[in-house]
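One structure is given here, and the rest of the page talks about it.
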Amino acid sequence: MSSKTMIEAKNITKQFERKIALSSLSFTIKKGELVALIGPSGAGKTTLLNSIAGLVPISSGELLIDAMPLSFYKKGKVFAKKVGVIRQQFDLIGPLAVIHNVLAGRLHEWGTLKSLLSLLIPQEKASAIQALDRVGLRGKANEITSTLSGGEQQRVAMARLMVQKPEIILADEPVASLDPARADDILNMLITLSLEENQTLITSLHSVDFARKYFTRIIALKNGKIFFDLPTDKVTDDILAQLYQLKSGETV
Ligand SMILES: Nc1ncnc2c1ncn2[C@@H]1O[C@H](COP(=O)(O)OP(=O)(O)OP(=O)(O)O)[C@@H](O)[C@H]1O
Ligand SMILES: [Mg+2]
């Protein structure tokens, strides 16, 4: 990990009509950090990740990505090299062949037509096949993506990320729909990739066990605020119990 700051949030607030989803959050995340974002349902995890991804405009405060405000990255191509997003539903195009989805990681560089034509370029095809190979899907390159299992589709999304190579990866509950063994496998792969490329990774998770197992820093949100922001080895069972504790009358 270097000391370069990749993400800086200064008093960011997000309000949806009357609901305050994020309430004056401030933090910095350095290049290469592996951060788990945890907290009860409705705490603001998705809203925070979507704000960093530029998908949800913040209501106030300042958000700097690699020292520049989000507005600096208006051009999609520049931003896609900075930030890659992986979601529970993977954002894959179901009717397309697997390899097309993998090459879509290059869409930001080329535009759609070139991306589809890229299959005719042996070098590009080779890089997509190589990525599929790494995620254990070499034989599935030409299958229709929607026919793959949830775990396999998550691997396709991972291969797409390998081709895209963004500096920051934002993953919103990337393993929520997978069984524990597959979830472990995918998280392992995500961490290995991030370490290899010195990428900054922020992953929201409902599993505290996975957060502890794979991430070096845990940021916990509760009611739109930072409840704690600690190195993983400082996160105690006691503070976790407080985080997830229900107030009387509250439901998960
Ligand atoms: N588009 C929206 N319009 C109105 N309210 C919203 C919108 N998106 C989120 N919220 C509200 O903001 C709060 C934070 O939601 P968010 O989805 O960020 O929580 P979360 O921590 O990701 O929860 P979960 O663990 O269930 O995914 C919730 O109260 C939610 O209802
Ligand atoms: Mg969420």
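Kindly check whether there is at least one residue in region 162-173 that is free of Cβ contacts under 8 Å to residues at least 12 places away in the same chain and in a loop (DSSP other than H, G, I, E, B).
No, because not a single residue in region 162-173 is free of Cβ contacts under 8 Å to residues at least 12 places away in the same chain and in a loop (DSSP other than H, G, I, E, B).
Restricting to region 195-226, name every residue that is in a helix (DSSP H, G or I) and either modelled with pLDDT under 95 or open to solvent by 10 Å² or more (accessible area, probe 1.4 Å) (or both).
Leu195, Glu196, Glu197, Val208, Asp209, Phe210, Arg212, Lys213, Tyr214
Okay, residues lined up against (1) away from ligand 2 (no atom under 16 Å from the Cβ); (2) assigned to a strand (DSSP E or B); (3) of a type in the set (D, E, K, R):
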| position | (1), (2), (3) |
| --- | --- |
| Ser3 | yes, no, no |
| Ala9 | yes, yes, no |
| Lys14 | no, yes, yes |
| Ala21 | no, yes, no |
| Leu25 | no, yes, no |
| Val35 | no, yes, no |
| Gly42 | no, no, no |
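When region 135-157 is examined, which residues are found to be in contact (Cβ under 8 Å) with a residue 40 or more places away in the chain and not polar (S, T, N, Q)?
Val135, Lys140, Ala141, Glu143, Ile144, Leu148, Val156, Ala157
Assigned to a loop (DSSP other than H, G, I, E, B), at pLDDT 75 or above and farther than 24 Å from Leu34 by Cβ, is that true of Ile93?
yes
Tell me, please, whether a residue that is under 20 Å from the mean Cα position of the chain (by Cα) and surrounded by 15 or more Cβ atoms within 10 Å (Cβ to Cβ) can be found in region 232-250.
Within region 232-250, one or more residues are under 20 Å from the mean Cα position of the chain (by Cα) and surrounded by 15 or more Cβ atoms within 10 Å (Cβ to Cβ).
Does at least one position in region 65-73 carry a residue that is touching a residue at least 12 places away in the same chain (Cβ under 8 Å) and polar (S, T, N, Q)?
no
Mind listing whichever residues of region 120-161 are outside any helix (DSSP H, G or I) and either on the phi < 0 side of the Ramachandran plot or aliphatic (A, V, I, L, M) (or both)?
Ile121, Val135, Leu137, Ala141, Asn142, Glu143, Ile144, Leu148, Ser149
So which of Lys31, Lys75 ends up being out of contact with any Asp or Glu (no Cβ under 7 Å at 6 or more places or on another chain), modelled with pLDDT of 90 or more and charged (D, E, K, R)?
Testing whether each residue is out of contact with any Asp or Glu (no Cβ under 7 Å at 6 or more places or on another chain), modelled with pLDDT of 90 or more and charged (D, E, K, R) leaves just Lys31.
Pull up region 151-194, narrow it to residues that are within 16 Å of ligand 1 (Cβ to nearest atom) and among the charged types (D, E, K, R), then point me to the one that is surrounded by the fewest Cβ atoms within 10 Å (Cβ to Cβ).
The extreme case among them is Glu173.
Give Ser23, Ser2 a once-over and let me know the one that is open to solvent by less than 60 Å² (accessible area, probe 1.4 Å) and at pLDDT below 95. Even if it seems obvious, please write down each step before you answer.
Working: Ser23 fails: at pLDDT below 95.
Being open to solvent by less than 60 Å² (accessible area, probe 1.4 Å) and at pLDDT below 95 holds for just one of Ser23, Ser2, which is Ser2.
Any idea which of Leu116, Leu55 is modelled with pLDDT of 80 or more and not small (Gly, Ala, Ser)?
Answer to the selection: Leu55.
Taking the conditions exactly as written (within 23 Å of Gly44 (Cα to Cα), open to solvent by 10 Å² or more (accessible area, probe 1.4 Å) and assigned to a strand (DSSP E or B)), does Asp229 satisfy them or not?
Against the criterion (within 23 Å of Gly44 (Cα to Cα), open to solvent by 10 Å² or more (accessible area, probe 1.4 Å) and assigned to a strand (DSSP E or B)), Asp229 qualifies.
Among the listed residues Val78, Val85, Val56, identify the single one that is β-branched (Val, Ile, Thr), within 16 Å of ligand 2 (Cβ to nearest atom), more than 17 Å from Ala220 (Cα to Cα) and surrounded by fewer than 20 Cβ atoms within 10 Å (Cβ to Cβ).
When all the criteria are applied, what remains is Val56.
The values are calculated or read from the model by the stated rules, or taken from the named source; none is laboratory data. Worth saying up front: this structure is predicted, and the values here are computed from it rather than measured. Counting neighbours? That spans all protein chains shown, and the Cβs are built from the backbone with ideal geometry, glycine included. In case anyone asks, the SASA skips ligands and DNA or RNA and just uses the protein heavy atoms, side chains included. Shrake-Rupley method; radii C 1.70, N 1.55, O 1.52, S 1.80 Å.
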